[in-house]
């Protein structure tokens, strides 16, 4: 990995909200959970390419999930795997660093294995 690039201010990401940013030519979903942890995923649902930032974050006893607004597919926040009846590929995940109030992603942007 060559380095890191700032993509957002941490204060701009409200806990429980979904937000997307464009990095190069890739739409990336940023998620800050109730505990304050920031995660990054591909920004489009693999089903029909709906923007995942238009969905919701569901947090409960079964863990946290990103819910797509178009067909209600749910992706586990821990690993991006699709749950609850849908059979879709997992979301691409990206490493995230938070430093000095900035959210950083890899430069160049490369998905985690």
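So residue 32 fits all but one of (1) surrounded by fewer than 19 Cβ atoms within 10 Å (Cβ to Cβ); (2) more than 20 Å from residue 88 (Cα to Cα); (3) at pLDDT 95 or above; what number is the exception?
All conditions are met except number (1).
Quick one: how many residues across segment 72-110 are loosely packed, with under 13 Cβ neighbours inside 10 Å and more than 15 Å from residue 40 (Cα to Cα)?
Within segment 72-110, residues that are loosely packed, with under 13 Cβ neighbours inside 10 Å and more than 15 Å from residue 40 (Cα to Cα) number 8.
The values are calculated or read from the model by the stated rules, or taken from the named source; none is laboratory data. If you're wondering where the values come from, they're calculated on a predicted model, not measured in any experiment. Glycine gets a Cβ as well: all are built from the backbone with ideal geometry, and neighbour counts include every protein chain shown.
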